[in-house]
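Everything below concerns the one structure shown next.
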Amino acid sequence: MLAPYAVEHSLGRRFPEPQHPYRNDFQRDRDRVIHSRAFRRLEAKTQVFTRRYSDHFRNRLTHTLEVAQISRTIAAQLGLNVDLVEALALVHDIGHPPFGHAGGRALDAVMRQHGFFFDHNLHALRIVEDFELRYAAFRGLNLSFEVREGIIKHSRDYDPAEYPELSEYLLESRPPLEAQLIDATDELAYNTADLDDGYEAHLLAFDQIQEGVPLFAGFLNEVQRLYPDAPEKLQFNEVIRRMLDRWVGDLIQNTKQRIGKAGEGARPTLEDIRAYPQRLVSLSPESEAARRETKDFLHKNLYFCSALQPEKEAAERIITDLFELWMQHPGKLPESYREKAEDEPLARVICDYIAGMTDPYIYERYDKFCGS
Ligand code: MG
């Protein structure tokens, strides 16, 4: 069932393990991710909206499940390894700190003041390689090479000269299509979901979306012809599902075409995909333009809107204040982190501690150490 360009077998694990009698390597990786602490914490990490707005908005966990669902559908159509895709989707946001992107920016900013930086992909790799302690024989989850490679390479390229410690991940070559897919699906999932949650939160108005997102306006005409008397929210839902369906269908068709052209006559192999100068998973230029318009609309009208500003400022203050407090008083860190600071820079240890926290836990720490 797998296409010749799909990942069929793993190149292996860091610590060799016997094959499982009825689960393949990537099914095991998926299961290890689901059973990890970091995965469970996604439930209490902000995606875009905190729970102040509603308890039915996406959090990092439900966003992750949406990415996994959409990715499986596309992977099956492209003949890719669905088990690997599912493992990659479930792990793709595991390195995010509390408070969504505001938290990531704040943590990076405070790290840079101490001569370091924060990158959620690199942090995710540290989680699965080192922080998760579940097995007697090794630290971390001992995931297959392809899942670790995908964690690093799904959303960006890393310059091998700048990141020599990542050289084992074949930084000069493209990741397999299974990993390339995750970034594309992630975008489609949150572009549609954030319109939905933004509208439900009353931060985006129906008319405003209609004016600012041409693809939305186009489908709205069709929906209003079909269901002229339906309530606005149901018309809205009908439009959003058409947008997602259009993009997913386009991604499948356009990627198929690009794969077809990449093989110089024959169907390309995984080696051809790795050696190809560009990533092959992409929307058609027309759909890419529509996605770009939607993303720009969300940036302008939702992500940076004044209503969300106070929460972002609080996120920045909480992360910065706690970070500096522990830099000044490392004795106030939990014992396991004090021990780690004997071997690693203190700033890195504090960053790891904060990045692992859920939103409620970092609030609790802040009240304890910085509360009046
Ligand atoms: Mg994501």
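Observations
- None of ALA290, ALA307, ALA266 is exposed (fewer than 15 other Cβ atoms within 10 Å of the Cβ), closer than 23 Å to GLN180 by Cβ and of a type in the set (A, V, I, L, M, F, W, C) except ALA266.
- The one condition in (1) in contact with a Ser or Thr (Cβ under 7 Å, 6 or more places away or on another chain); (2) within 16 Å of the ligand (Cβ to nearest atom); (3) closer than 25 Å to PRO360 by Cα that VAL110 fails to fulfil: (2)
- Summed over region 113-122, residues that are within 15 Å of the ligand (Cβ to nearest atom) and either of a type in the set (Lys, Arg) or open to solvent by 10 Å² or more (accessible area, probe 1.4 Å) (or both) total 2.
- Among (1) part of a helix (DSSP H, G or I); (2) at pLDDT below 95; (3) not β-branched (Val, Ile, Thr), the one test that GLU264 misses: (1)
- Test: residue in region 186-201 that is assigned to a helix (DSSP H, G or I), farther than 19 Å from ALA289 by Cβ, in contact with a Lys or Arg (Cβ under 7 Å, 6 or more places away or on another chain) and within 16 Å of the ligand (Cβ to nearest atom): yes
- Selected residue (criterion: most open to solvent (accessible area, probe 1.4 Å)) from residues of region 157-180 that are under 20 Å from THR255 (Cα atoms) and either among the β-branched types (Val, Ile, Thr) or over 12 Å from the mean Cα position of the chain (by Cα) (or both): ASP157
- Comparison of GLY79, GLY95 shows that the only residue that is touching a residue at least 60 places away in the same chain (Cβ under 8 Å) and within 13 Å of the ligand (Cβ to nearest atom) is GLY95.
- Matching option when the condition is without any contact (Cβ under 8 Å) to a residue 12 or more places away in the chain and over 25 Å from LYS45 (Cβ atoms), among ALA289, ALA341, ALA275, ALA262: ALA289
- Residue list for region 168-210, restricted to those being modelled with pLDDT of 95 or more and aliphatic (A, V, I, L, M): LEU177, ALA179, LEU181, ILE182, ALA184, LEU188, ALA189, ALA193, LEU195, LEU204, ALA205, ILE209
- Among residues of region 28-74 being closer than 22 Å to LEU143 by Cα and polar (S, T, N, Q), the one that is farthest from the ligand (Cβ to nearest atom) is SER36.
- Segments classed as helices (runs of 4 or more DSSP H), wholly inside region 303-372, with at least 3 members that are over 22 Å from PHE131 (Cα atoms): 309-328, 359-370
The values are calculated or read from the model by the stated rules, or taken from the named source; none is laboratory data. Since the structure is predicted, the reported quantities are computational estimates derived from the model, not experimental observations. So basically every Cβ, Gly included, is an ideal-geometry build from the backbone, and we count neighbours across all protein chains shown. To get the accessible areas, we keep the full protein, side chains included, count just its heavy atoms, and leave off ligands, DNA and RNA. Shrake-Rupley method; radii C 1.70, N 1.55, O 1.52, S 1.80 Å.
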